[in-house]
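Here's the structure, in C-alpha cells; my notes come after.
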Amino acid sequence: MYEEIPQNRPSTPLLDSIESTSDLRALDERQLIILADELRHYLLYSVGQTGGHFGAGLGVVELTIALHFLYDTPYDRVVWDVGHQAYPHKILTGRRDAMLSMRQEGGLSGFPKRSESEYDTFGVGHSSTSIGAAQGMAMAARLKGECRRAVAVIGDGAMTAGMAFEALAHAAHTKENMMVVLNDNNMSISKNVGGLANYFAKVWSSKTYIALREGSRKVLSKIPQAWELARKTEEHVKGMISPGTLFEELGFNYVGPLDGHDLPSLISTMRNMRDLEGPQLLHIITKKGKGFGPAERDPIGYHALTKIEPKRTLSEPKVKKLKFQDIFGQWLCDSAAQDQKLVAITPAMSEGSGMLKFADQFPDRFFDVAIAEQHAVTLAAGLACESLKPVVAIYSTFLQRGYDQLIHDVAIQDLDVTFAIDRAGLVGEDGATHAGAYDLSYLRCIPNMVIAVPSDEAETRLLLESAYQYQGPAAVRYPRGAGTGVSPGEQLEIVPVGRARTVREGSDVAILCFGTLLAECLDVANSLNATLIDMRWVKPLDAAAIEALIGTHELLVTVEVNAIAGGAGSAVSEHLNQQGMPIDLLQLGLPDRYEDHAPQAVQLQKLGLDSQGIRAAIDARLKR
Ligand SMILES: Cc1ncc(C[n+]2csc(CCOP(=O)(O)OP(=O)(O)O)c2C)c(N)n1
Ligand SMILES: CC(=O)[C@@H](O)[C@H](O)COP(=O)(O)O
Ligand SMILES: [Mg+2]
C-alpha cells in the first residue's frame, strides 16, 4: 500500500521491458504479480506528474494485465467503458513514457482514442457505450468469419445507464461470443446510487462473495462447474443473493463475484470463460484507488487528480476564485430556501455540478439519478406536470444524451423545467468527447425554449434566477472552471427575458457577446472604440438592441464559445435576413472540427477566441 505520490520515477525493470502486449504474454504468473506492483507504482508516479483520472485506473491494474495476458490484443478487441480507467492499459501498450504527456496539448488523450493507438479499439469518454461497441465488433467477426474475440469492461456506475441494458439484451438475443467484465467497485464518481447499485451492494455482503473472497483460489479453479453447482443449489436457500440472476435472465452466462485484485484467480477464471460459446459476464469486485491509501480512503476525492502543485510558500496564498458550479450551487440553495417547489436533479455528477451543499441542506429535494441523463430529463418533466419546479443540473455534453426527452417530454408540453448547463463551451483536458460545443445550436431550434448565456459570475446568478422564474422550458449555460472573479452577490433578482445590456457605446463596429468571453471582447472594443453588448439571451434575441445598431455601425461581430453552425451568431444572421437588414456580419465561434485536449486558454487561443484573435479577425474583415 502506497501512502505517498512518488516524486521521482520509480524503478520498474519488468515494466520497462514491456513494449507491447506480446512481451507481457511471455511472462509467467510470478512475474505478472511483480508487474502489477510496478504498474501501480508507475501509475502513481505518472499521474502525480500530469494529473488526470486516478482512482479508477488503480482499481483495474490486475484486470488490465489479465486481459492483455489472455487476449491476443490488439487483434482481439478490448473496449473500456468511459475510458478514464485506461491509463494502465496505455502504459502496457507502448505508451509508458508518453504518459508524462497525458492530457497536455499534443500529448496522450485522457481516454482511449482510435487515432492514438491500435490497442484503443473504440473511442470513449461518455459512459455505457462499451457493451454495444464490443457486440458490434463480435458481430462483425462472426459475419466476416474471423476468429476474433471482443471484451467490454464496464463499471458498476456505467452499468446504470439505459444503453448498457439495451446492449446486454441485444447481445443475449444474438448470442454473440463476447465477454463483458463488470468492474464493480461500488462507486460511480460519487457513491453509486439506484436499484442496480443496491442489487450489486447485496453481493458485497452476500455469503457467496465472502466465501469466494476467503477461499477464492480453491473454489474458483474449476469455476464453471463448481460455481454453477453452488449457485443452482444455493440459489433456493434463503438469504442467498444470486448476483447473477439479473444477467442470466437476460441471457448471459454469469460468473462471479470474483476478487478483481487476485491476479491468479482472475487469470484462471477468465481463461476458463474466454472461449465459451455465447455471451459471458464476469463480475469482479475491485476497490477504486486500490493500492494508494489516500485514494482508497477517499475514492470520490481521488476520482481525478490535479497536477501536483509546487509547494506554495506561505507568503503566496492561493487566490481561490469561485467556480461557475459553485455559483450555481449557492444560487440553488438560496432559491430553494425561498421556493419550496424547487427540486434538483443530477445524473451522477453532484460534485462536478456543485450540488453537495444543496444535497446536504435539502436532501428530500435532491435527486441523483445515476448515469441516466435521459431519465433525468423525463423525471423533471413528470415533476413539472405536478407543479413542482425542477432544475436539471447537467453538463452540456451529457445533455446530448437527453435531447429527445428535452424536446418530446419537456418542450412540446411547454413544461416549467430549468436546465443548468455546466461545462458549456470548451472544457480543456477532457477534449472533444466532453466539449459542450453544441448546446446553443441544438437548443435554439426547439420551440418554447428560452436560452440564457451569462457573461460572468454575477450574471450567472442573475440569469439562473431569471430562467428559473420564467414559466416554461429554460436553459442557462456556463463554462467549466472559474470566472473573472466578479462577486455574484447574494440577491435573488431577475432581468427581463430576451433583454440585452449595453456594456460600451462606440461606433463603426459593434460586438455582440454571447457568454463568458466578455472580458476579451471589452479589450477589443476599447482598442477599436467599438460598441459592446452583453446579449445575455440567445433565445429570444434582443431584436431591438440589434436593430438599433443598423445605420450607425458598418460591422456586427458575434462572439460565442459554441459551434458557429446554428449558434448565437446564426440567430443574429437569421434575424437580420428576415428583417431585410443589410449589414456586414462576422460570426466568431467554434469551427466545423473537433478541438483536441489542451488547457482551455490554449484551446481558445488556438481558435482565435482570445483578445488577439478576435481583434485580428475584425481587422481582417475591416480591411477586406
Ligand atoms: C454519459 C456520461 N455521463 C456521465 C459521465 C461522467 N462520469 C465519468 S466516470 C463516471 C462514473 C463511472 O462509474 P463506473 O462506471 O463505476 O467507473 P469507476 O469510476 O467506478 O471505475 C461518470 C458518472 C460520463 N463519462 N458519461
Ligand atoms: C470521465 C468523466 O467523464 C468525468 O470524470 C469528467 O472528466 C469530469 O469532468 P469535470 O472534471 O469537468 O467535472
Ligand atoms: Mg464503479
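Note down the magnitude of the dipole of the chain about its Cα centre, charges +1 on Lys and Arg C-beta and -1 on Asp and Glu C-beta and zero elsewhere, to the nearest 20 debye.
Working: 60 positive and 76 negative charges, 224 e Å.
The calculated dipole for the chain is roughly 1080 debye.
Computed over protein heavy atoms with a 1.4 Å probe, the accessible surface of the range 13-305 works out to 36 Å² per residue.
Label positions at LEU276 and SER101, each projected 7 Å from the Cα along the C-beta direction, are separated by 4.2 nm. In the range 45-199, Cα pairs under 8 Å separated by at least six residues give a relative contact order of 22 percent. Among the DSSP beta bridges whose two residues both lie in the range 13-305, what percent are antiparallel, rounded to the nearest 5? So the antiparallel bridges amount to about 15 percent of the total.
Counting only protein heavy atoms and a 1.4 Å probe, tell me what percentage of the range 324-477's accessible area is made up of carbon and sulfur. All intermediate terms of the calculation are to be shown ahead of the outcome.
Details: 2420 of 4560 Å².
Answer for the range 324-477 is 53 percent, counting heavy atoms of protein chains only.
A simple rule links phi to the HN-Hα coupling: the Karplus curve 6.51 cos²θ - 1.76 cosθ + 1.60 with θ = phi - 60°, which for the range 535-550 gives 6, 6, 10, 8, 8, x, 6, 7, 4, 4, 5, 6, 5, 5, 8, 5 Hz, with x for Gly and Pro. Summing charges over neighbours of ASP339, with a neighbour being any other residue whose Cβ is under 14 Å away from its Cβ, gives 0 when K and R count +1 and D and E count -1. Expressed as a whole percent, the accessible surface of the range 57-188 that belongs to carbon and sulfur atoms is 53, based on a 1.4 Å probe. Each label was represented as a point 7 Å from its Cα along the Cα-to-Cβ direction; for SER115 and CYS147 these points are 3.6 nm apart.
Quick one: net charge around SER487, please, counting Lys, Arg +1 and Asp, Glu -1 for every other residue with C-beta under 13 Å from its C-beta.
Values: positive: LYS321, ARG461; negative: ASP326, ASP456, GLU457, GLU459, GLU490.
So the surrounding residues net to -3.
Close amide-amide hydrogen proximity is noted between ASP259 and ILE285, each under 5 Å apart and 5 or more residues distant or on a separate chain (H modeled in the peptide plane; Pro and chain starts excluded).
Only protein heavy atoms count here; on that basis, with a 1.4 Å probe, LYS341 has an accessible area of about 100 Å².
Once the convex hull of the C-alpha atoms of the chain is built, how many Å³ does it hold per residue, rounded to a whole number? Write out the running numbers ahead of the final one.
On the way: hull volume 109.6 nm³, N = 624.
Hull volume over Cα atoms, normalised by residue count, gives 176 Å³.
Rounded to the nearest 500, the 222 nm mean residue ellipticity of the chain from helices alone is -11000 deg cm²/dmol, with -39,500 (n - 2.57) taken per DSSP H run of at least 4 residues.
In order along the range 508-517, the Karplus-derived 3J(HN,Hα) couplings, from 6.51 cos²θ - 1.76 cosθ + 1.60 at θ = phi - 60°, round to 6, 10, 10, 9, 9, 9, 10, x, 8, 8 Hz, and Gly and Pro are given as x. For LEU586, the residues whose modelled amide H falls within less than 5 Å of its own, excluding neighbours fewer than 5 places apart on the same chain, are LEU556, VAL557, THR558.
Between ASN526 and ASP37, residue separation times 0.36 nm minus the direct Cα-Cα distance comes to 170.2 nm.
Give me the extension gain from VAL495 to GLN578: residue separation times 0.36 nm, minus the current Cα-Cα distance, reported in nm with one decimal.
Working: separation 83, 0.36 × 83 = 29.88 nm, distance 2.67 nm.
Between VAL495 and GLN578, full extension yields 27.2 nm more.
Distance between the pseudo-spin-label points of SER507 and ASP619 (7 Å out from Cα toward the beta carbon): 2.2 nm.
Coupling constants for the range 115-122 follow from the phi torsions by the Karplus curve (6.51 cos²θ - 1.76 cosθ + 1.60, θ = phi - 60°), and in residue order they are 6, 8, 7, 5, 6, 8, 6, 8 Hz; glycine and proline get x.
Here's how it looks for GLY431: its modeled amide H is under 5 Å from those of ALA598, which are all 5 or more places away or on a different chain.
Want the number for ASP72 to ASN198: 0.36 nm per residue separation, take away the alpha-carbon distance, what's left? Mind dumping the intermediate values first?
On the way: separation 126, 0.36 × 126 = 45.36 nm, distance 3.53 nm.
Taking ASP72 through ASN198 to full extension adds about 41.8 nm, to one decimal.
What does the charge add up to near LEU604, with Lys and Arg as +1, Asp and Glu as -1, over the other residues with Cβ less than 11 Å from its Cβ? Each step should come with its number before you reach the end.
Working: positive: LYS606; negative: GLU520, GLU595, ASP610.
Summing Lys and Arg as +1 and Asp and Glu as -1 gives -2.
The values are calculated or read from the model by the stated rules, or taken from the named source; none is laboratory data. Keep in mind that what you see is a predicted model, and the values were worked out from it rather than measured. When we count neighbours, we look across all protein chains shown, and the Cβ atoms used for this are built from the backbone with ideal geometry, even at glycine. The area values use the complete protein model at the heavy-atom level, side chains included, leaving out ligands, DNA and RNA. Shrake-Rupley method; radii C 1.70, N 1.55, O 1.52, S 1.80 Å.
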